[in-house]
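Below is one structure, written out as C-alpha cells; comments come after it.
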C-alpha cells in the first residue's frame, strides 16, 4: 500500500498541473471565490464556455475520447489524475457535466460516424451544450413510466409530452430524449431514444423554482416537436436499453453531496460558544463529529480503493454505490447540527459564511437525498445489484404500458 | 385533565388493594425479590398455582368474565385498576398469561356452553394450564403459512406436524391449535381450529434453547395425534378467522419490553465513573438518556391516554400499537449503553445486579424485537391498519396453499 | 383518570381548525413567505376578533377566562395550518408574562388591549449567534432605561410592546418596553420568512420592571417552560399535517405500477413518523396537564414534551419531503413550508440540545413524585 | 496510488480462509462456548504450526519477517471464523509490545518462543468496572515486583507471560511478568465465553520493565492504536460473515409466498449493513496503511478504523439476528455467536465512546497532513 504515483502517473500529473498553472488560478491562491459570476448567470455561462474551449484546444476537455473527436485516448486513471489536478483550480464548473457525462457516451455508442464527427467535437469544445430529457412528472424513480409520445410521420417523429428536472435546458443546444412510441407494448419495449435540437419549434422551457429559491432545473414541454428519424439512437423499441446504462451510471456515479463536512463542523465547534465553553468540549458534539469524520473518511478511502483498482487495470468493485446516500444524509445531519448550535438565533440568515453553509446544507440536502436516485432507490440498487437479493414483485410486468395501474 | 379516580373507581381500587394486602406482599416491602423460585422451576409453578387459585376463589382471577365462569363481570377500566394494584405486589407471574389471554377468549367465543362450563372455571382457577400452538418452523411472521395437517378420521381428526415457540408446553394441560385440513384450498381457507389435550398420545415436547441460555419456549411435535371433532372451535375452514383476532391482540397488546429503562440508565450514570467524572456529566450520555426518557415517558403517557378512553367508555385509539417496537429497541440501546459504560470490563459477568440487567437487556432485546411480531411486521401493521396504506402485493393470493412458492 | 381534553376543548379545536381551513391559513403562510411580509394582517385581525388572544386573560380584563388547555388546542391548529400571525409571541410569551409577573397597574393597562389586539407583545432574549445565558447578556438597564441590541425577536415589527431580558445591577431582569422611537426595529431574513423576525436597538428606552431585580433569569425559565408546552402543540399540529400529506401522497402516487405507499420503505418511514408523533403527542398531553395544574413537574414535563415534539416535527417534515420525491423539493409543493416551520419552531425557545439538557437537569434536581397514580 | 493489499497478501488471506473453514473454526468456537473452555487447543497448535504467530517476528528470531499488512489479512479471517484462540492477545498485543519496547535480551528470549508457541502472551490493563486511566491504576511496582489485581485479562489462563500496566514511582509503566505461582489466575465468565477471560492477582511477582519508567501510558496508547487496526480487520471479517449469513437467509426464507429478501424492509436493512461495512473496510484499509508505514497519522487512522469497524460489526451482527427472526434467537443458529463476539471486540481495547474520544482528541492534536495525494 502506498499513495504514490508510479513514475508514469507522476509524469502525467506533472503535465496536467503545468498546463493548469498556465491557464487557471489555484483555489488556494484565489481571494475571490466567485470570480466567474453566479452559477446560471450569463457571465458564468461565458466563463464556462471560454474555459471549456481552452481545455478542448489543449486536448483536456474529453481526454479519454478518441483523438479523432478531440480526445487524448487517456486511460481511466489518467482521467482521474486530470480530475484531481483540475479540482485544485478555481474554474467554472457545472454547465457541461451532464452533456459530456450522459449525452457524450450515448452519442459515442449509438450515433453514426457522420453524426459523431459533426456533434462530438463541438460538444467537447463547449460550443454546443447538451442536456438530458428522461424524467417526467409521472416518472420519477420509475423513469420507465414515462408517457411522452413519439408518433412516426414520414421521415420524422412527432413528439408530444412533458419532461422535467432538466438541468440547463434554457441554454442547451441539443438534448438526448427517451419517449414512448407504442403504449400498447410492454413498458420497457415501447420506448425509443433520440437526440433533439433544443431550438426546435414546439419546445417550451419553464424553470422550476426549488425550495432553496434557486432554479437549476426546468420543465420542458413538447408540442408537436419534429425529430428526424436520422436522430434516432438505437433501434425503435430500444429506448430503454439505451437509457438504462446512462441512467445507472448517473445513479451510481453521483458523487459526494457538496457542502459542509466533518472538517467544517469540527472547525466550527472549536470556535462556537456553548454556555461559556467551546462547543467542541461538548461530548455529544464530539461523538457526532466523530461519526461524520468516520463517514467522510470512509467515503474518501472508498474512492481511493476504486482508484486503486483502476490504477491496476482492474474493474472497481461496487463500493462506490454507497457514496451519495451516505454523503447526502451526512450533509443533512451536519446542516442541522450547525443551525442548532446557534440556538435561538439559528434561523437568522447572516453574513457569516459558515452559517450560510449550514443553512444551504440543511435545505440542499433535502434535495440531494432525492436527486440522481432517492435514498430508497439507491438502497434497492445496493440490495439487488450488489447483494443479489430478489426484485420486488413487479406490478408492471407483462402488461401493455397503457394497462399498468397508474393511480390516475 | 386529572389523574384522579372517580369516586366509584376509587372505591373499586380500595377493594382490590385491601384484598391484595391481606393476601400478598407489596414489592416495595419485600426484601427477597425472588420468593417464588426461579421462573420455570417446579416451586415457581406451585406458587403460581396457589396464587391463581386464591385469586379465583375471591373472583379476581378473570374479573371481566361472566359470573357463571368465575368472573365478576367487571368493566375494562376495573380490570385495569385491578392490574395496576396487583402490579404493586410481589406475586408469581407468567404461567397463566397466554392461556388466559389467548385460549380464554377463543373458548369463550367458540366453545359449546357445556365445554365452557367444563373448561373455563378450571382455566381461571389455574387448575388447568393452557398454551397456544400457532407458529411453525416455516410459518413465523407469516403464521398462515402453517403446514401441520389435520385429516378427518371418523369423529376424530388426526394431526401431524410441528409447532414451535410454544411457551410452557411442558407443563400445560390443554392447547389451542390451528392446522391445515386442506392444502388444495387457498391459504387462509384451508385451516381449522381446535383445542387439544396436551397429554394426548403422539405429542412430543422439546425445549428450545435461546441465546440467553434459557428455554422459555418449546417445539411441539404431533405424530398421529387424535383430536375429537367436538374439540373443533369454529367451522371447518374457519381456522384463520378464529386465529387472527387472538393473534392481532397478541401483536398489538404486547406490552413494554421488560428490563432496564431510562430511569435505571440515569441512576447508573450518576454512580458510574467516566475518566474521573460521574458518567452523567458526559453530554453524550445526557442526550441519550434524555431520548430514552422521552420514549419511556411517551409510552407511559400513551398508556394513560388509552386508559382515559376506556375510562370514558370510549374505544381507545391505535396509539398502543407503538409500544413494543419502541420499548424493545430502547431496551437494546440501553443494554449497549450500560455495557459500554464499563469499557474494557463490559464483557464480564459480575455479581453487580445493574451489570446483570444490562447484559440481560442486550441479549434479551434481540429476542423482544422479534417475539410477538417483529419490528418489521409491527411497522407494516401501523402503516396498513393505522395509516391505511395499501398492502404489499401478495404472492400467495388466489393460489392453492400447496402451490404457493415456499423456497423449498 | 383522564389524560385527554374535554369535549368543550375539542370543540374549540375543531372550530379553530375549520376557521383556519376556511381562511386558507396555509396559503396565506406561503404568500407571506413569498412576499417576505412579517405576517398576514387580515388573518391576525380575524383571530383577534374571535377572542383567541384573550383565551387565558381573566374575564375582569375582558378576556375569555379560559385555561392553558384551551390554548393548547388552538396552538395545535395554528401549527397544523402554519398560521402566519404573531400569536405565539403575543400570547404564549408576552401575555403569559404579564399575567404572571406584572403589577396590577400593568395588567389593567395591557390585558384588555391584548384582547382587542391594540397591544401586541413579544419577548426579546437573544443578542448573539449562540445560546443565551445569564452571563452573556449585554443589554443593560440604567435606572429604568434599557440600552443595547437584541436579535431574532419574533414579530417585533408589529408588536407594540416587548419584554426584554436585561442585565441589571442585581443580575438579570425582565423589562417591559413600549416600542417607540427609542427602539430601532429592523427586519431580519430567516430560513422561514413566513414568520417575521427582527433586531431591536434600544437607546435608553423606558422599561418597566417585571418581577424582581435579579429574578429575570428564573422567570424566563418558567416562561419558556410554559411556552414550550404550547409550542409542542404547534409542533404536533405541524407533524400531523406532514404525516397526513405524506400518507395521502403515498396512496396517490404510483411507481412501477403500484402506489408508493405499498412499498415497505415508504410504509416504514410513515410508521416511524407515526411513532414519533404518538410519543410526542402523549408527552405533550402530559405537559399540558402539568401546565394547567401548575404542577411542580412542569419543568421536566415541558422539556419532555418539547424534546419529543421537536424530534417528531423535524423528522416528519423532513421525511415528508423525501416521500414526495422531486416534487417535495419544489417551491410549488407545500412540503418546504413545513420543513422551514419545523426548524424555526425547533429553535425559537431553544434548540433540541438545550432542552435535552434542561430535561436531565430537571431530573437531577427533583425525583419527580409519581403523579400518575397507579402506573 | 494503491490502497489495496498485494496479490501475495491476498493469497495469504485466501489460504487462511480455506484453512479455517476446513478446520471448522466456527463450530469450534461454538464448542468452546458451550463447554466454557478458554480456547481450542488443537486449532491454536495448528495456527502456531502454520507460522502465523511469527508473521511479524523478524527472521533472525525464527519468524516470517512479514509486515502488519499480512497480519491484517489473517485477522480478517480469524474474525470471520470467530477463531477461539489467543491470537489477538499474544500477537497484536504481546508480541508487538516485545518487538517495539523490549530489550534485545528479552527479544532473544521470547520472540523465538512466541513463534513456536512455547510462549503465549497477553496484556493486563483493567482493574475495575470502568474505563482505565493513568489515574485509576492500583497495581503497583516495588523494586521489580508487581502486586495487585487485574481483571478481564484475555487468555491469561493459557498465557505464559503477561504485560502489566502498573503504577510505578515515576508514573505508569509496563512490566513483563512471567505467570508463575506468584500470580493467581482465575477464569471469569463473560458474555462471550468462546474467548477466555481471567482475573490475575499478582503477589510480588517479578516484572521486567518495558520501555522507560513513567512512559507506560504513552506506550500503551501506541500499542492499542496498533492493535485497534488489527482488531478492525477481525471486526470486518465478522461483519462480512454476518452480512453473508443474512443475505443468504433472506434469499432462502420465504414468507407470504416470496423470499423475505424481496421485501424492502429486509433489503434496506441489508443495504445499511453493506454501507456500514464498506465504510469500515475503507477506513480499515487506510488504518492498515498508516500502521504499515508507521505514519504519524496512525492515531487518527486507527481510531477511525476502530470506530467504524465497531459500528459495522455491532450493527451487522445485531440485524443478522433480526433478519433470521425467531431462529436468530435460538442457541442452535450461529447468529448469537457473532452478536457476542461483536460485543466483545467492541470492548476489548476500549469502548466506542473511548475511541470516538481518541479520534477527536487526535484531530485536536494534529492537523493531519494530507498524505492522500490529490484527493
Checklist line | segment A:367-386, subset at the interface with another protein chain (Cβ under 7 Å from one of its Cβ atoms) and free of Cβ contacts under 8 Å to residues at least 40 places away in the same chain, residue surrounded by the fewest Cβ atoms within 10 Å (Cβ to Cβ) | finding: A:380
Next item on the list: Sort through C:77, C:15 and tell me the only one that's surrounded by fewer than 24 Cβ atoms within 10 Å (Cβ to Cβ) and part of a helix (DSSP H, G or I).
Entry: C:15
Note to self: Which numbered condition in (1) buried (at least 22 other Cβ atoms within 10 Å of the Cβ); (2) within 13 Å of another protein chain (Cβ to nearest Cβ); (3) touching a helix residue (DSSP H, G or I) at 6+ places or on another chain (Cβ under 8 Å) is the only one that residue D:198 fails?
What the structure shows: (3)
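Based on this model, can you work out whether residue A:280 counts as farther than 16 Å from residue D:279 by Cα, without any contact (Cβ under 8 Å) to a residue 40 or more places away in the chain, more than 9 Å from chain D (Cβ to nearest Cβ) and surrounded by fewer than 22 Cβ atoms within 10 Å (Cβ to Cβ)?
On the way: farther than 16 Å from residue D:279 by Cα: yes; without any contact (Cβ under 8 Å) to a residue 40 or more places away in the chain: yes; more than 9 Å from chain D (Cβ to nearest Cβ): no; surrounded by fewer than 22 Cβ atoms within 10 Å (Cβ to Cβ): yes.
For residue A:280, the condition - farther than 16 Å from residue D:279 by Cα, without any contact (Cβ under 8 Å) to a residue 40 or more places away in the chain, more than 9 Å from chain D (Cβ to nearest Cβ) and surrounded by fewer than 22 Cβ atoms within 10 Å (Cβ to Cβ) - is not met.
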Notebook entry, point to check: Scanning segment B:257-277 for residues that are within 11 Å of chain C (Cβ to nearest Cβ) and surrounded by fewer than 19 Cβ atoms within 10 Å (Cβ to Cβ), which turns out nearest to residue B:331 (Cα to Cα)?
Noted result: B:263
Next item on the list: Being surrounded by fewer than 24 Cβ atoms within 10 Å (Cβ to Cβ) and either touching a helix residue (DSSP H, G or I) at 6+ places or on another chain (Cβ under 7 Å) or at pLDDT 95 or above (or both) narrows it down to one of D:317, D:282, D:292, D:346, so name that one.
Entry: D:292
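Where in segment B:1-110 are there helices (runs of 4 or more DSSP H), lying fully within it, with 3 or more residues that are touching a helix residue (DSSP H, G or I) at 6+ places or on another chain (Cβ under 7 Å), closer than 30 Å to residue C:4 by Cβ and within 14 Å of chain C (Cβ to nearest Cβ)?
Working: elements: B:7-23, B:42-58, B:76-87, B:104-110.
Because the criterion is at least 3 residues that are touching a helix residue (DSSP H, G or I) at 6+ places or on another chain (Cβ under 7 Å), closer than 30 Å to residue C:4 by Cβ and within 14 Å of chain C (Cβ to nearest Cβ), the helices (runs of 4 or more DSSP H) in segment B:1-110 that meet it are B:7-23, B:76-87.
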Next item on the list: Would you point out which residue out of B:226, B:241 is more than 14 Å from chain D (Cβ to nearest Cβ) and farther than 19 Å from residue B:135 by Cβ?
Entry: B:226
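Looking at B:327, B:353 in this structure, which one is without any contact (Cβ under 8 Å) to a residue 24 or more places away in the chain and either facing chain D (nearest Cβ under 7 Å) or under 13 Å from residue B:259 (Cβ atoms) (or both)?
Values: B:327 fails: without any contact (Cβ under 8 Å) to a residue 24 or more places away in the chain.
Within the list B:327, B:353, the selection yields B:353.
Hey, does segment D:21-39 have a residue that's part of a loop (DSSP other than H, G, I, E, B), within 30 Å of residue A:13 (Cβ to Cβ) and touching a helix residue (DSSP H, G or I) at 6+ places or on another chain (Cβ under 8 Å)?
Step one: of segment D:21-39, the residues part of a loop (DSSP other than H, G, I, E, B) are D:23-24, D:35-39.
Checking which are within 30 Å of residue A:13 (Cβ to Cβ) leaves us with none.
Within segment D:21-39, not a single residue is part of a loop (DSSP other than H, G, I, E, B), within 30 Å of residue A:13 (Cβ to Cβ) and touching a helix residue (DSSP H, G or I) at 6+ places or on another chain (Cβ under 8 Å).
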Next item on the list: Just name the residue that is farthest from residue D:205 (Cα to Cα) out of those in segment D:167-194 that are within 14 Å of chain B (Cβ to nearest Cβ) and in a strand (DSSP E or B).
Entry: D:190
Next item on the list: Looking only at segment B:387-408, count how many residues are more than 16 Å from residue B:145 (Cα to Cα), more than 8 Å from chain D (Cβ to nearest Cβ) and buried (at least 19 other Cβ atoms within 10 Å of the Cβ).
Entry: 2
Margin query: Checking the conditions here, which among D:164, D:141 is touching a residue at least 24 places away in the same chain (Cβ under 8 Å), closer than 30 Å to residue D:340 by Cβ and either in a strand (DSSP E or B) or away from chain B (no Cβ under 14 Å) (or both)?
Written below: D:164
Notebook entry, point to check: How many residues, within segment C:246-287, are under 17 Å from residue B:390 (Cβ atoms), more than 7 Å from every other protein chain (Cβ to nearest Cβ) and either touching a residue at least 60 places away in the same chain (Cβ under 8 Å) or part of a loop (DSSP other than H, G, I, E, B) (or both)?
Noted result: 3
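The values are calculated or read from the model by the stated rules, or taken from the named source; none is laboratory data. In this text the structure is predicted, and so the values were computed from the model without any measurement. Using ideal geometry, Cβ is built from the backbone for each residue, glycine included, and neighbour counts are taken over all protein chains shown.
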